[in-house]
């Protein structure tokens, strides 16, 4: 009897420990050293909007260029991953391609990859990124008042700097706009 009681006690203790480890803490600021950098919503919180992002495209650009000053940026996007966003930037230094993921809430570099690749002509310049908010507004004006931006990207395609923004409404209808980032001209609208 004592042996089965101790086995049950051990099982209950293990269940208690596992439950305590798995349960999401109510306080986001568990680590005081990182409390100022944990700005994003945790799972289960309401999803954030693209307007809640603190790091501008220009600041993300600067973070990439600080690490790879000679690289020409070929693609940059603000990508939605589950309940938060991430900046993804690709650049080439000769035939070496660098990919970086940056947290848009605090500017931390999340991931860096390097590989060999062919060279694409053209480059995304920092000053071009200032046109992004204007083109998002242009897409929203065309789509209608119920739409919100979901994610965007800038990419070199056949020597042109192409800005693509996806907007979505409350019924999950999505419209994709592609603009020439240098001129602001609409290239394509996909409903």
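Matching residues to (1) under 25 Å from residue 149 (Cα atoms); (2) in a strand (DSSP E or B):
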{"position": "76", "(1), (2)": "yes, yes"}
{"position": "89", "(1), (2)": "yes, yes"}
{"position": "92", "(1), (2)": "no, yes"}
{"position": "104", "(1), (2)": "yes, no"}
*What number goes with the only condition from (1) exposed (fewer than 15 other Cβ atoms within 10 Å of the Cβ); (2) touching a helix residue (DSSP H, G or I) at 6+ places or on another chain (Cβ under 6 Å) that residue 125 does not pass?*
(2)
*State which residue is surrounded by the most Cβ atoms within 10 Å (Cβ to Cβ) when the search covers only the range 174-187 and only residues that are within 21 Å of the chain's Cα centre (by Cα) and touching a residue at least 24 places away in the same chain (Cβ under 8 Å).*
179
*Checking residue 87 against (1) in contact with a helix residue (DSSP H, G or I) (Cβ under 8 Å, 6 or more places away or on another chain); (2) surrounded by 15 or more Cβ atoms within 10 Å (Cβ to Cβ); (3) farther than 25 Å from residue 182 by Cα, the condition it does not meet*: (3)
*Are any residues in the range 134-157 out of contact with any helix residue (DSSP H, G or I) (no Cβ under 9 Å at 6 or more places or on another chain), more than 20 Å from residue 71 (Cβ to Cβ) and surrounded by fewer than 20 Cβ atoms within 10 Å (Cβ to Cβ), and if so, which ones?*
134, 137, 138, 140, 141, 142, 144, 145, 146
*So residue 137, is it out of contact with any strand residue (DSSP E or B) (no Cβ under 6 Å at 6 or more places or on another chain), in a helix (DSSP H, G or I) and closer than 15 Å to residue 176 by Cα*: yes
*Under the condition of being under 16 Å from the mean Cα position of the chain (by Cα) and outside any helix (DSSP H, G or I), which residue from the range 44-74 is modelled with the lowest pLDDT?*
47
*For the range 67-80, enumerate the residues that are under 12 Å from residue 98 (Cβ atoms) and surrounded by fewer than 17 Cβ atoms within 10 Å (Cβ to Cβ).*
67, 69, 70
*Pairs, please: C-beta under 9 Å, at least 6 apart or cross-chain, first residue farther than 19 Å from residue 57 by Cα and in the range 128-146, second loosely packed, with under 13 Cβ neighbours inside 10 Å and at pLDDT below 95?*
146/170; 146/171
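The values are calculated or read from the model by the stated rules, or taken from the named source; none is laboratory data. Model, not experiment: these values are computed from the prediction. Positions of Cβ are generated from backbone atoms using ideal geometry, with glycine treated the same way; all protein chains shown enter the neighbour counts.
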